[in-house]
1. So which of Leu241, Leu221, Leu208 is hydrophobic (A, V, I, L, M, F, W, C) and over 29 Å from Leu14 (Cβ atoms)?
2. Of the numbered conditions (1) crowded, with 19+ Cβ neighbours inside 10 Å; (2) at pLDDT 95 or above; (3) under 25 Å from Leu210 (Cα atoms); (4) small (Gly, Ala, Ser), Ser89 fails exactly one; give the number of that condition.
3. Just to check your reading of the model, which residue among Tyr228, Tyr161 is modelled with pLDDT of 95 or more and either under 21 Å from Val74 (Cα atoms) or in contact with a helix residue (DSSP H, G or I) (Cβ under 6 Å, 6 or more places away or on another chain) (or both)?
4. Residue by residue through region 183-196, note down the ones that are more than 16 Å from the chain's Cα centre (by Cα), closer than 20 Å to Pro126 by Cα and crowded, with 18+ Cβ neighbours inside 10 Å.
5. Filter region 229-247 for residues that are touching a strand residue (DSSP E or B) at 6+ places or on another chain (Cβ under 7 Å) and over 21 Å from Leu63 (Cα atoms) and give the result.
6. Of everything in region 13-31, what is surrounded by fewer than 18 Cβ atoms within 10 Å (Cβ to Cβ) and among the small types (Gly, Ala, Ser)? Give them in sequence order.
7. Among what's in region 182-195 and is among the hydrophobic types (A, V, I, L, M, F, W, C) and touching a helix residue (DSSP H, G or I) at 6+ places or on another chain (Cβ under 7 Å), pick the residue that is farthest from Lys46 (Cα to Cα).
8. Return yes when Lys219 is under 23 Å from Glu157 (Cα atoms) and exposed (fewer than 13 other Cβ atoms within 10 Å of the Cβ) and no when it is not.
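The values are calculated or read from the model by the stated rules, or taken from the named source; none is laboratory data. Because the structure is predicted, anything quoted here is derived from the model rather than measured. Cβ: placed from backbone, ideal geometry, glycine included. Neighbour counts: every protein chain shown.
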Amino acid sequence: MKIKLKENERIDDLEFNDLKIIQNKTGFCFGIDSVLISDFAKNINKNAKVIDLGTGTGIIATLLCGKTKLSKIVGVEIQEEVCNMAIRSIKLNNLEDRFEILNENIINLKNIYDKNTFDVVVTNPPYKKIDTGIKNENNKKLISRHEIEATLEDFLEISTYLLKDKGKFYMVHRPERLVDILFSMRNNKIEPKRLRFVYSYKDKEPKLVLIEGIKNANKFLKIEKNLYIYEEKNKYSEEILKIYNKK
């Protein structure tokens, strides 16, 4: 399909099921965190109805369409320009019947959906609190990285509203926010069930944490073995190569 690109846009090949995505090189481009959470959540049940909170250009939702048999995924994104790229990526990948974009702030979703609407929530939310970290001058990057439009608590509160009973919640975040995350999950009746730390190298501190929770589930947390991105400098680990479909 012929897709018209705007200034500074490019089409990236995801090297999985011939999927591609449109990105603007001056904006916030997806990273390995989005790839890893889409793999972590790949056991989504067949015909599940899924919502991706803060979808950006739709990378997680696009990969989940390729990795799972979900029936429908809604990507919610507040930035209109980013939504436009995601919509064109959906057309590029012929996913119009499975993937749709909603240009909205996640805190307004109670005005759009009834309670208990979705089987799965997946999210790669902004990692930094509004008063922490270096604020990038690019507004698109700022919104993607800092809790300007919605906080961690907002993401958890709307997730429990949207999820059906025993529905699943998947999040990728920073380890330094783990106490806040687990506290907020339990406070919003999403019980943490599975957790995995992601390291760049074995001798470094973890850089990401992958979390699965279940709404109104019993208390039991499984901590999975660590995931290492690199075996040595600039050499991906065997597991990362498998996730990237290069093995």
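1. Details: Leu241 fails: over 29 Å from Leu14 (Cβ atoms); Leu208 fails: over 29 Å from Leu14 (Cβ atoms).
Testing whether each residue is hydrophobic (A, V, I, L, M, F, W, C) and over 29 Å from Leu14 (Cβ atoms) leaves just Leu221.
2. That leaves (3) as the condition not met.
3. On the way: Tyr228 fails: either under 21 Å from Val74 (Cα atoms) or in contact with a helix residue (DSSP H, G or I) (Cβ under 6 Å, 6 or more places away or on another chain) (or both).
Result: Tyr161 is the single residue among Tyr228, Tyr161 that is modelled with pLDDT of 95 or more and either under 21 Å from Val74 (Cα atoms) or in contact with a helix residue (DSSP H, G or I) (Cβ under 6 Å, 6 or more places away or on another chain) (or both).
4. Within region 183-196, Ser184, Met185, Asn188, Ile190, Pro192 meet the criteria.
5. Tyr230
6. Gly31, the sole residue that qualifies.
7. Step one: of region 182-195, the residues among the hydrophobic types (A, V, I, L, M, F, W, C) are 182-183, 185, 190, 195.
Going one step further and asking which of them are touching a helix residue (DSSP H, G or I) at 6+ places or on another chain (Cβ under 7 Å), we end up with 185, 190.
Values: Met185: 25, Ile190: 22 Å.
Among residues in region 182-195 that are among the hydrophobic types (A, V, I, L, M, F, W, C) and touching a helix residue (DSSP H, G or I) at 6+ places or on another chain (Cβ under 7 Å), the one farthest from Lys46 (Cα to Cα) is Met185.
8. Numbers: under 23 Å from Glu157 (Cα atoms): yes; exposed (fewer than 13 other Cβ atoms within 10 Å of the Cβ): yes.
So Lys219 fits the description; yes.
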